[in-house]
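Working notes, beginning with the structure itself.
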Amino acid sequence: MINTLYSLDTLGTPVAFFLALLIGVGFGFALERAGFSSSRRLAGVFYFTDMAVVKVMFSALITAMLGLSYLVSFGWIQLDQIFLMPTLLGAQIVGGLLFGVGFAMGAWCPGTAVAGLAAGRVDALVFLIGTIGGSIVFNEFFPVMGRLYTAGDRGVQMAYDALGVSRNIFILFFTLVAVMAFWLAEWAEKVRTGRSAYLGSPFLKAFSLALVAVALGLFVLAPANAGVSPKRTGLAPSPGTDEIALMGEVAEGRDHIEPEELADRLMAGQPDLVLVDVRPASEFKAGHIRGALNVPLAKLAETLQPHKNKGLVVLYSNGMTHPAQARDSLQRQGFDNLFLLTDGLQGFRERCLKPVSLRSEPLPPIAAARINAWRAFFGASRESHHAAVPQSEATPRTVETEWLATRLQMPGLKMIDLRPQPEYNTAHIPGSLSLNVESLRGNVGGVPSMLLPAPLLAAQISLLGLNPTDTIVLVPGDKFHDATLAGMAFERLGHRGFAVLNGGYARWAREGRPVDAALPAVMASKYPVRQDADGFTVDFRTVAASLGKPGVTIIDVRPPDFYTGSKSDEARAGHIPGALNRAYTEDVVVSSNQVVAFKPLDALATAYGQLIPSKEAEIIVHCRTGHQASQTYFVLKHLLGYSNVRWYDGGWTEWAARGDLPVVTRSVR
């Protein structure tokens, strides 16, 4: 097996630099010998007078494709040991157009421009300076053009998978296309210039036949899916084989597949790979690796029967105990194509989905790009219900005490206690962190009690040691809107893996569940700042523009006395014209033992269905300072599924203080 510099993560070493230098010099020499240091020759391809560009390009492609395919077929190298360019449709289309326009204008590309510069071509220097300058401009304006950088990200996709054919069929087809291109290039030169060096020559005929023969040889040497088995072949033997040999293979780790390898195979869309999550259904729904099947242990053999000894079956759980037990049982039933995911789900999260910025050591650019590609594909850097546990839209937005009690030790689960600090210090759920919800607010633009901007929120979250992949459980005291306001902070950061503990700390304590007074050890993180996640906060201008607009429902969640204007604690009394009133307190129920919980969903749905015409209607919620309205936003958006809910954070504090905005001092409900 050949270990590449890429697979060994040694691309930044002196040896790698020296080899790259040698390859670069050789590449430049080949370009010079092919005439690529002359823009006149390069431009000849547009006039069909000199087709060297086409012939060299196809020669390079076909040599690399056939050579790599044979290396893979012989088992000398694995595809995951080399860098595979991800498919970025938007970026590659725009880049291709720019490249094409530049090539058509001056016949230089970056590589040939260097070759031309070595030959003393001034125009090559001009284009090379343009290339470097363009790179600098892109770097400086990356915050503006960053979306283009990852536009149309499809991960690593193989052309033969996209076409629905085997790799060998695609290689044969592409080889025939290359042969045809060679003949057409010679014919075009003959027609345009009256001469051709190889058209009809014995060399071109022999060369064409040799290429086709080499491509056909892959059908003999390698089946259609050759080269896709894991690096660690030689699984534990089938029943009846010596148990000592079995233990030897287990000891050598040949029954494991590493998280990085699994991530690459899933991104590549390997058709014969079956990923099986053996955890309970509730944990699977809370988050899982994209593409995984959830199969109870008792039904594994029955469910996997169609895949018995066909392709690869990878088992995983939170750890490795249950998958190992399942593998042993299945092997006794004749399955010999089973792998375990090394370090389970936690290992996958830590090694594949942990952000580059949070790694303990700096990574080479290629390794960082690989991690970012994994994060994009598996949902850790975008909002996706397929994201690996624990962050997932499938995580319930309200969780019960029983749900939390069974997950206290789950990696990546963090609890935030929002009660006053003296109450937290006295007793709290083991491992929970204390947070004063008012620390998330401040004076913004002259308006007090506003939710802080994303960079300030990210700084606070970092001090708590939280990461984007964590599942956050918000534990309120007797004010549920403390939890939902903290939820707004996570929403602003684009962190979707958060939930509110229904019943809060009071229910947990009343049920006699474990508590302690220990302060958990925290290592500060570096939570990334997202400026584009908040599309739900609106200002007074948006609200004013919505007044009288058909289809817009404004809901004032303050108590009725403040809505009607009979009471006031702001510059003016009353409410926004056209706003409806439903107090936030109507969405919760307080039991006899002072436990606060949300009302049943059907009751909430009925109540709001009488106020709002449809689930798609445009809704704006507000209160005095945004605190109470955060609870109504949470109910509408996350519990009832209204799709177009927005939050007026400035609320009545800002509206009442602006004398140019209209106010109604009587109920219009």
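The values are calculated or read from the model by the stated rules, or taken from the named source; none is laboratory data. Quick caveat: nothing in here was measured; it's all calculated off a predicted structure. With ideal geometry, Cβ positions are generated from the backbone for all residues, glycine too; neighbour counts draw on all protein chains shown.
For segment 614-644, a residue qualifies if it is over 21 Å from Y563 (Cβ atoms) and surrounded by fewer than 20 Cβ atoms within 10 Å (Cβ to Cβ), and the qualifying residues are S614, K615, E616, L639, L640, G641, S643, N644. If you take the residues of segment 455-470 that are in a loop (DSSP other than H, G, I, E, B) and of a type in the set (S, T, N, Q), which of them is nearest to Y527 (Cα to Cα)? It comes out as N467.
Listed here are the residues, each with its yes/no results for (1) in a loop (DSSP other than H, G, I, E, B); (2) among the β-branched types (V, I, T); (3) surrounded by 24 or more Cβ atoms within 10 Å (Cβ to Cβ); (4) not assigned by TED's automatic domain parsing to the domain that holds D587.
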position	(1), (2), (3), (4)
I472	no, yes, yes, yes
G477	yes, no, no, yes
L485	no, no, yes, yes
A506	no, no, no, yes
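All but one of (1) assigned to a helix (DSSP H, G or I); (2) surrounded by 13 or more Cβ atoms within 10 Å (Cβ to Cβ); (3) modelled with pLDDT under 90 hold for Y608; state the number of the condition that does not hold. All conditions are met except number (3).
The rows are residues; the columns are (1) at pLDDT 95 or above; (2) assigned by TED's automatic domain parsing to the domain that holds P476; (3) touching a strand residue (DSSP E or B) at 6+ places or on another chain (Cβ under 9 Å).
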{"residue": "N581", "(1), (2), (3)": "yes, no, yes"}
{"residue": "Q594", "(1), (2), (3)": "no, no, no"}
{"residue": "L604", "(1), (2), (3)": "no, no, yes"}
{"residue": "P613", "(1), (2), (3)": "no, no, yes"}
{"residue": "C623", "(1), (2), (3)": "yes, no, yes"}
{"residue": "H627", "(1), (2), (3)": "yes, no, yes"}
{"residue": "L639", "(1), (2), (3)": "no, no, yes"}
{"residue": "Y642", "(1), (2), (3)": "no, no, yes"}
{"residue": "R646", "(1), (2), (3)": "yes, no, yes"}
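Of all residues in segment 343-361, those being within 16 Å of the chain's Cα centre (by Cα) and among the small types (G, A, S) number 1. Of all residues in segment 408-428, exactly one satisfies the criterion of being in contact with a helix residue (DSSP H, G or I) (Cβ under 6 Å, 6 or more places away or on another chain), surrounded by 21 or more Cβ atoms within 10 Å (Cβ to Cβ) and farther than 18 Å from Q628 by Cβ, namely D417.
Every condition in (1) more than 30 Å from Y505 (Cα to Cα); (2) modelled with pLDDT of 95 or more is met by K549 except one, and the failing one is (2).
Of all residues in segment 521-548, those that are surrounded by 15 or more Cβ atoms within 10 Å (Cβ to Cβ) and either in a loop (DSSP other than H, G, I, E, B) or of a type in the set (A, V, I, L, M, F, W, C) (or both) total 12. Of all residues in segment 423-445, those satisfying the criterion of being over 18 Å from E511 (Cβ atoms), assigned to a helix (DSSP H, G or I) and not hydrophobic (A, V, I, L, M, F, W, C) are Y424, N425, E438, S439. Scanning segment 100-133 for residues that are assigned to a helix (DSSP H, G or I) and surrounded by 13 or more Cβ atoms within 10 Å (Cβ to Cβ) yields a total of 20.
Candidates R327, R351: the one that is under 26 Å from L466 (Cα atoms) and either in a loop (DSSP other than H, G, I, E, B) or not β-branched (V, I, T) (or both) is R351.
Tally the residues that are without any contact (Cβ under 8 Å) to a residue 60 or more places away in the chain, of a type in the set (A, V, I, L, M, F, W, C) and part of a loop (DSSP other than H, G, I, E, B), restricting the search to segment 17-71. Result for segment 17-71: 1.
Here segment 39-51 is the region considered, the condition is being surrounded by 18 or more Cβ atoms within 10 Å (Cβ to Cβ) and under 14 Å from R195 (Cβ atoms), and the residue that is modelled with the lowest pLDDT is G44.
Condition first: out of contact with any helix residue (DSSP H, G or I) (no Cβ under 9 Å at 6 or more places or on another chain), in a loop (DSSP other than H, G, I, E, B) and surrounded by 13 or more Cβ atoms within 10 Å (Cβ to Cβ). Now tell me which residues in segment 549-604 satisfy that. The answer is G565, P577. Run down K526, K567, K549 and say which single residue is more than 15 Å from Y648 (Cα to Cα) and more than 40 Å from the chain's Cα centre (by Cα). When all the criteria are applied, what remains is K567. Please indicate, with yes or no, whether at least one residue in segment 259-281 is within 21 Å of the chain's Cα centre (by Cα), of a type in the set (V, I, T), assigned to a loop (DSSP other than H, G, I, E, B) and at pLDDT 65 or above. No, that holds for no residue. Here is the figure for segment 6-15: residues that are modelled with pLDDT of 75 or more and either in a loop (DSSP other than H, G, I, E, B) or in contact with a Ser or Thr (Cβ under 6 Å, 6 or more places away or on another chain) (or both) total 1.
For T401, work out the one condition from (1) in contact with an Asp or Glu (Cβ under 9 Å, 6 or more places away or on another chain); (2) at pLDDT 95 or above it doesn't fulfil. Checking T401 against (1) in contact with an Asp or Glu (Cβ under 9 Å, 6 or more places away or on another chain); (2) at pLDDT 95 or above, the one that fails is (2).
Is at least one residue of segment 464-480 in contact with a helix residue (DSSP H, G or I) (Cβ under 9 Å, 6 or more places away or on another chain) and acidic (D, E)? Yes, segment 464-480 has at least one match.
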